Amino acid sequence: IAHRMRAALLLAALAAVAAAMPHDVNPCVLLKSALIQFEGDIGASTDLDYTSADLLQTYVNKMIQNAKGTADLVKLCDARQTFYNTMGKNYESCIDRYTIFGLGDGTIGNARVLEHLFRQLQFMCSAGFDIWADNRDCITVTDKASTCYASFDGFVHQNEPVNLCGSNTQDYLNCVQADYKKFCAGNHMAGWFGCERERVGWSKDCVTLVCDVVN
């Protein structure tokens, strides 16, 4: 009887451990290694992590602006795809700004920058890729010449989310769309690309934002 009791207790203990493991292991522990892989693939410093998302975003933006052709855009998209594959089914939950903030050592503003970056790349490397590649030169000019971001930056990167989705956010998107259309010789699709690239970055927080192709 004692032997059967010990066996039953052991089985119960093993069952408890097995049941607890998925809840005890944070699936987002992969985020740091996935970021290191992404940074290595695009030639950035692998010292960057989720607490220095602003520096990573700056590097990616410079990489896009300095692209010599479509092959450079494909390289960036391949790196994003590897990041996505590494995160697997946890990709969506682990690039969420609140999940990133919950990892500690960073601000909610910085967490939003990282989520914004990867949601932008997700759009640029899928639905927006052909528009991006076909209008690369004028899009690059717009990225450098537009003053919309500088005007809006003081609002969206503050740590208080109350400022994130105000009326000025849609005004910012309209400004971006107008600039992309202007610098791309009236191309409506280029204007939509510029607007949509920004909209998807904030879409989890700001669900009422819109980008209209006909604008």
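Every number in this text was worked out from the coordinates using simple rules, so none of it is lab data. A quick note: this is a predicted structure, and the numbers were derived from the prediction, not measured. Every residue, glycine as well, gets a Cβ built from its backbone with ideal geometry; the counts of neighbours run over all protein chains shown.
Please list 178-185, 67-74 highest first by mean number of surrounding beta-carbon atoms within 10 Å per residue. Don't skip to the answer; put the middle values down first.
On the way: 178-185: 19.8, 67-74: 13.2.
Per-residue mean Cβ counts within 10 Å order the peptides as 178-185, 67-74.
From the backbone phi of region 75-90, what are the Karplus-calculated ³J(HN,Hα) couplings (6.51 cos²θ - 1.76 cosθ + 1.60, θ = phi - 60°) in whole Hz, Gly and Pro given as x?
Those phi angles translate into 4, 5, 5, 4, 5, 5, 5, 5, 4, 4, 5, 5, 6, x, 5, 8 Hz.
Which ³J(HN,Hα) values, rounded to whole Hz and listed in residue order, are derived for region 165-172 from phi using the Karplus coefficients 6.51, -1.76 and 1.60 in 6.51 cos²θ - 1.76 cosθ + 1.60 with θ = phi - 60°, glycine and proline given as x?
With the stated coefficients, region 165-172 comes to 10, x, 4, 5, 5, 5, 4, 4 Hz.
Could you work out Rg/(2.2 N^0.38 Å) for region 128-215, with Rg from alpha carbons only?
For region 128-215, the normalised Cα radius of gyration comes out at 1.06.
For GLY106, list long-range residues whose amide hydrogen, built 1.01 Å from N in the peptide plane, is under 5 Å from its own amide hydrogen.
Residues meeting the criterion, in which the H sits 1.01 Å from N, do not exist here.
Determine which aspartates and glutamates satisfy two conditions relative to LYS32: a Cα distance under 20 Å, and not lying fewer than 8 residues away in the same chain.
Leaving aside aspartates and glutamates fewer than 8 places away in the same chain, those within reach of LYS32 are ASP24, ASP41, ASP47, ASP49, ASP54, ASP78, GLU92, ASP96, ASP105, GLU115.
With the crude spin-label approximation of a point 7 Å out along Cα→Cβ, what separation in nm comes out for THR58 versus ASP212?
3.8
At a Förster radius of 30 Å, what calculated FRET efficiency corresponds to the Cβ-Cβ distance of LYS182 and VAL74, to the nearest 0.05?
Taking R0 as 30 Å, the efficiency between LYS182 and VAL74 is 0.65.
Over region 51-159, what is the mean sequence separation of C-alpha contacts under 8 Å (at least six apart), divided by residue count, expressed as relative contact order in percent?
With pairs under 8 Å counted, the relative contact order is 33 percent.
Could you go through region 97-106 in sequence order and give the Karplus-derived ³J(HN,Hα) for each residue, using 6.51 cos²θ - 1.76 cosθ + 1.60 with θ = phi - 60°, rounded to whole Hz, and x for Gly and Pro?
4, 6, 5, 4, 4, x, 6, x, 6, x
Using C-alpha positions alone, give me the convex hull volume of region 55-189 per residue in cubic angstrom.
116
Can you spot the lysines whose alpha carbon is less than 27 Å from LYS68's alpha carbon? Ignore those fewer than 8 places along the same chain.
Once the sequence-local lysines are set aside, what remains near LYS68 is LYS144, LYS181, LYS182.
Distance between Cα centroids, region 74-108 to region 51-68: provide it in whole Å.
Using only Cα atoms to place each centre, the spacing works out to 16 Å.
How big is the convex hull of the Cα atoms of region 27-126, per residue, in Å³?
On the way: hull volume 8.4 nm³, N = 100.
Spread over its residues, the Cα hull of region 27-126 gives 84 Å³ apiece.
Just to be sure I understand the model, the point goes 7 Å from the Cα along the line to the Cβ. What's the resulting THR107 to ASP134 distance in nm?
4.0
Using 7 Å Cα-to-Cβ label points, what is the ASP205/LYS32 separation (nm, one decimal)?
Result: 2.5 nm between the two label points.
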